[in-house]
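Inspection log for the structure reproduced underneath, given as structure tokens.
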Amino acid sequence: MRNLLLCLLSFIISLQTFGQSKVIDSLENQLLDKELSDYERKNLLITLGRRYTSKGLPDKAFENLDKALAIPVAKDSLAPLLHLEYAKNYYVTGDFLKALDYMAKLENFTRQESDRILTAAKTGKPQVNELLSVDDVYMVAGEIYRKIGNFEKALENALKGKEMAELLDRQKSVANAYNNIGIISKLQGDLENAKKYYRMALDMNRKLARKFNIGSNYNNMGLIYRSTKQYDSALTCFKQALDYIKSPYGTATIYSNLGAVYYDLKAFDTAKNYHQKALLIQEEHGYKEQASLSRINLAGVNKELGRYDDGISLALNAYKVNEAEQNYDLLSNASEVLANTYEKKGDFENGLFYHRKHKQYHDSVYNENKRQEIVAQQMKFESEEKIKENELLRKQAELNEAKIRFQYIVGGILIVVLLLSIWVFYLTLKRNKIKRELTNQKLVNEKNERNYLEKELVFKNRELVNFSLQIVEKNDFIGEVTREIDKWSKNGLKSTESVKELSKKLKANSIINKHQKEFDAHVNSIYESFYNKLEHKYPGLTQNEKRLAALLRLKLSSKEISSITGISSKSVDMSRYRLRKKLDLETEDNLIEVLTHI
């Protein structure tokens, strides 16, 4: 007999619906309050939409979510929450691609929140976003990807959700993440990893005293142990699950799983007992599909016990119910049990009939499964394309944001540059003004100084000229005395009175040599700059030639220069001639003018 007991693979924790009607009525009444702000009304509508989704009324959920969407709110912090509720509601309706569209709208929120949490975790404990915690967003994304068969993306989001929940110390969310990772790992065939995460979820839920979740974890671990034929461990887990799960649906499910293990162990009486317990609960609470499966399971057990008529009765009941419902999967299972039981009984005609029915429904189930696989593959492909499209849109949005930021930065830089340019221009103008004022003042000072120096030079030149004239006069006087003495000598005069008179004159003019030295010192002092320039321009000049040039610059005549220097006028003229040669002057060049301009 094929394994017919895999109808319930794992418990996925969902929102409790008990008392939802009272909560919904309360929310509806709150919406009647006309004093509500737009933000409060929008938040209430989103909450109401969430409640209707949990209750399995997606149309009512969409109605309230659409109303919330129509309410504009400045700096809408509720937008991420609204997108998530849309995604969850589309998930409930089976429109997984549409759900992914809304999850894509949450990418900026998840990225920013994740970055915030990771940054805050480096220095302390991050704060939880009370409106919408990012780990919940990752969990929903993981569930959507799991449904469309994209287990890689499902696991990626589940692990990210786990990381965020751990950093935020949201222990319930961490436990749920462990459970979801276990489910995804099982679907991927990684049973060891699945068991590891189921155990981690179990340990966390024990600490939190979450009874239903503890039972769910035990049930999931029992299913893995059964699939690996570790039956003792499977039985232990299922029986422990019964201690925590008290809901009719959950209890019936665990009874069915216990019956399946005992069937595998060929303990058919015990298996029958558990399947009967499951059937009683399912019939009492109207779980039609699950009741049909329990009847098929009991039919298989009765066949093994040799109670063919009881088995046929149970299987026929399930067959007829599901024939009306056109549930080909259960019809295939029921017809297979009927065929095998009739053959065991020796009724080969009915056995053949139900073998054909089994093949017919099996092919239908096979084709439907194939169709669903194709649809799943198509959805996976479309989801991957959607991911690529969303990634492209995200990158385009980031590029646009980068361009805008760049434009702002460039604009800011240009403004700063402009302001700096204006400031620099102002400073330049101010500096140039100050510079011009300083330059003008300097020019005035230089002009005044030059005028002063020129006046002083004129004065000193006048002094020199006077001084030179005095020297000339003194020299003339000496010449006169000398001539007088010569005259006396020629005439043979030896007058004492004349000699005494001449002696007085010589004594009165005995300072001539001193005056001569003072004159030379004055010339050297006044004409120091002139001497330097002359030396620089005509380095071959002798000291006497430079002194001659200075006397000529005073516009003294050759006779006066002769008197001052104590040489003959002829010698002065010869010296002037040699100086002209050394100064490389032409015949038409005026020596005194050339010397004046040096």
Calculated FRET value between Tyr577 and Asn532, using beta carbons and R₀ = 22 Å, to 0.05: 0.35
Sites Gln276 and Ala74, calculated FRET efficiency, Cβ-Cβ separation with R0 56 Å, nearest 0.05: 0.35
Val73 long-range amide H proximity, modeled H, under 5 Å: none
Where segment 108-204 is the region considered: accessible area per residue in Å², 1.4 Å probe: 44
Separation in nanometres of the label points that stand 7 Å from Cα toward Cβ, at Glu63 and Glu325: 2.9
Förster radius 22 Å - calculated FRET efficiency between Leu187 and Asp264 (Cβ-Cβ, nearest 0.05): 0.50
Percent of C-alpha pairs per 10 Å bin, segment 76-179, short to long: 16, 48, 31, 4, 0
Chymotrypsin sites (Phe, Trp or Tyr not before Pro) within segment 95-126: DSSP coil, no more than 15 neighbouring Cβ in 10 Å: none
Thr119 versus Ile415: modelled label distance in nm, points set 7 Å from Cα along the beta carbon direction: 2.3
Segment 195-239 residues near the modelled Leu159 label - backbone nitrogen below 19 Å, point 7 Å along Cα→Cβ: 195-201
Cα gyration tensor shape of segment 209-303, rounded if a/c is under 1.5, else prolate or oblate by comparing a/b with b/c: oblate
Violating pairs (Cα-Cα greater than 24 angstrom) within the set Lys533/Lys581; Lys196/Lys266; Lys162/Lys186; Lys277/Lys320; Lys60/Lys186; Lys211/Lys272: Lys196/Lys266; Lys60/Lys186; Lys211/Lys272
Simple spin-label estimate for Glu484 and Asn29 in nanometres, 7 Å along Cα-Cβ: 15.2
Segment Val424-Asn451, extension gain: residue separation times 0.36 nm, minus the distance between their alpha carbons: 5.8 nm
Flagged links, alpha-carbon separation over 25 Å, of Lys34/Lys105; Lys239/Lys359; Lys67/Lys105: Lys34/Lys105; Lys239/Lys359
Per residue accessible area of segment 558-598, 1.4 Å probe, in Å²: 65
Accessible area of segment 119-177 belonging to carbon and sulfur atoms, whole % at 1.4 Å probe: 47
Fully extended contour minus Cα-Cα distance, from Ile592 to Lys246, at 0.36 nm per residue: 111.1 nm
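The values are calculated or read from the model by the stated rules, or taken from the named source; none is laboratory data. What you see is a predicted model; the values in this text were computed from it and never measured. Every residue, glycine among them, receives a Cβ derived from its backbone with ideal geometry; neighbour counts consider all protein chains shown. SASA here: full protein model, heavy atoms, side chains in, ligands and nucleic acids out. Shrake-Rupley method; radii C 1.70, N 1.55, O 1.52, S 1.80 Å.
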